[in-house]
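Report on one structure; see the data block that follows.
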Amino acid sequence: MSEVAKIELDGKVYELPIIVGTENEKAIDISKLRDVTGYVTLDTGYKNTGATTSSITFLDGEEGILHYRGYPIEQLAEKATFLEVSYLLIYGALPTTKQLEEFENSIKKHTLVHEDMKRFFEAYPAKAHPMGVLSSMISSLSTFYPESLDPNRSADMKNLTVHRLIAKLPTLAAWSFKNSLSHPFMYPKNEYGYVKNFLYMMFGMPTEEFHVDPVVISALNTLLILHADHEQNCSTSTVRIVGSSNANLYSTISAGISALWGPLHGGANQEVIEMLEQIQADGGNVDKWVAKAKDKEDPFRLMGFGHRVYKNFDPRATIIKKACDEVLIKLGINDPLLDIAKKLEKVALEDEYFKARNLYPNVDFYSGIIYKALGIPTDMFTVMFALGRLPGWIAQWKEMTENKEPIGRPRQIYTGFTKRDYINIEER
Ligand code: SDX
């Protein structure tokens, strides 16, 4: 395989280095292109552009492969805990028993938030979308920890901020839910594990003993692992570019939460359930809605279908679909939306339009059905995605800062007016 790519511009041939990753992904390194040729490249939406090199997550869209630090997602989803996977993503290796214990104990020590933050919730309208609350609250954490404003202050401070984020996001997420119900906030219980503690803060009441089915804890542990990282997706790229300006980590993660909220990205899991409910209310005629998704005149898209990278199947959707059946059977729930989802998937996968465009169910297509079965309200679904994706965002930010990558500043091709003189208002 050649070491260089040759490109001919204005009669001159230039050689650009080729780099190959450990999974044999190939790239033309254009970091010197403009200096050498005066040209930039154009790739709206970065569909063909690598923003960085990374050793965190590998995914192969054609083969439906997803590895975190080399470990297949199928094995991690089955055998690991979410905090174990968080440690793996952030520190690069599966923790020993001692390392995991220390990590878990440190997280437990930081689950509370400053009491003054409770007052913030009083200012939100009752039906405030929890993603709007969460992105503001996470950025506001930076105001309570001024020593964290310089993200590169020290390795210890960086690590403390990482642990504070992992510990406090579940508390703030659960309190945004409680606030929407005008229910009392539940303070974290450190004798509970990470997932059970979150469920306790979400569904516990001060007047009752808290009980949760181990099936629910296991299902949520799996869902969080499946969402933990996904290389350079929209919200992770946002975290990297915001972090590249040396913004503090709280504000950087808040930017990631905002990007994830979009219905084309993490917001899709809420859209999927609302779409399935719309189809159900419309009599369950999936053929009609598949036809709408294909109609260029109709803005309707099949939410939870399609992916920028997976052009075969999303391995996470395969695992979640299987978990869907298991969780609903174990909880004795018969959700007609699952039947509609399966019918929709079958019709779409047999349809030429979807096959020609390699459109398959993605991670968001079935996840909402499990969240619903776990009692999580629809407008909290994207918050669940953020809870899962947090360690991935942190790992990618940490890698970028440790590699001392430059501030992100893409170029453009200008297509506006060429130079022209000012016109006085009376002459316009
Ligand atoms: C996530 O990047 C990641 O890794 C993201 C994520 C992660 O873990 O971080 O995996 C999480 O964001 C999953 C995706 C969730 N979004 C949705 O489910 C929203 C519905 N899907 C889409 O809007 C779309 O498929 C995207 C945004 C996911 C991908 O869009 P692309 O790659 O830019 O593809 P495109 O919009 O250019 O579509 C290509 C063609 C178009 O038709 P033509 O113009 O070629 O005729 O496919 C069509 C699109 O109209 N198409 C769809 C469709 N998705 C694409 N048609 C109907 N329904 C859909 N869902």
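None of the figures in this text is laboratory data; all of them are computed from the coordinates on show. The structure presented is a predicted model; accordingly, all values stated were derived computationally and were not measured. Glycine also receives a Cβ, built like all others from the backbone with ideal geometry; neighbour counts cover every protein chain displayed.
Values computed for the structure shown
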item: Estimated vicinal HN-Hα couplings, Hz - the stretch 50-58 in sequence order (Karplus 6.51, -1.76, 1.60; Gly, Pro = x); result: x, 8, 6, 9, 8, 10, 8, 10, 10
item: Rg in Å to one decimal, and Dmax rounded to a whole Å, for the stretch 224-333 via C-alpha atoms; result: 17.1, 52
item: Under the Karplus curve 6.51 cos²θ - 1.76 cosθ + 1.60, θ = phi - 60°, whole-Hz ³J(HN,Hα) for the stretch 108-117, x wherever Gly or Pro sits; result: 4, 6, 10, 6, 7, 10, 4, 3, 4, 5
item: Alpha-carbon Debye profile of the stretch 205-277, log10 I(q)/I(0) at 0.21 Å⁻¹; result: -0.96
item: Set Lys47/Lys127; Lys322/Lys372; Lys322/Lys355; Lys79/Lys189 screened for pairs whose C-alpha atoms are more than 27 Å apart; result: Lys47/Lys127
item: Mean Cβ neighbour count within 10 Å, used as a protection proxy, ranking 314-327, 138-151 highest first; result: 314-327, 138-151
item: Order by protection proxy (mean Cβ within 10 Å, highest first), peptides 223-231, 46-54, 237-245; result: 223-231, 237-245, 46-54
item: Cα gyration tensor of the stretch 4-65 - equivalent ellipsoid semi-axes, whole Å, descending; result: 26, 13, 11
item: Candidate lysines - alpha carbon under 16 Å from Lys296, same-chain residues fewer than 8 apart omitted; result: Lys288
item: Other-chain or far-sequence residues with amide H under 5 Å of Ala5's (modelled H); result: Leu16, Ile18
item: Among 57-68, 29-40, 349-360, 385-396, the order from most to least packed when residues are scored by Cβ within 10 Å on average; result: 385-396, 57-68, 349-360, 29-40
item: Straight-distance crosslink candidates among aspartates and glutamates, where the alpha carbon sits under 19 Å from Lys343 and sequence neighbours closer than 8 are dropped; result: Glu271, Glu274, Glu277, Asp282, Asp287, Asp314, Asp325, Glu326, Asp335, Asp351, Glu352, Asp364
item: Projected-area mean, the stretch 45-172, by convex hull of Cα positions, square nanometres; result: 11.2 nm²
item: Lysines whose Cα lies under 20 Å from that of Lys398, excluding same-chain neighbours fewer than 8 positions away; result: Lys158, Lys168
item: Isotropically averaged projected area of the stretch 160-306, using the convex hull of Cα atoms (one quarter of hull area), nm²; result: 12.4 nm²
item: For the stretch 1-98, share of DSSP beta bridges that run antiparallel, in % to the nearest 5; result: 100 percent
item: Karplus-derived 3J(HN,Hα), 6.51/-1.76/1.60, for each residue of the stretch 206-218, Hz, glycine and proline x; result: x, 8, 9, 5, 9, 10, 9, 5, x, 4, 5, 4, 5
item: Unit Cα scatterers, Debye sum, the chain: log10 I(q)/I(0) for q = 0.11, 0.12, 0.15 Å⁻¹; result: -0.91, -1.06, -1.50
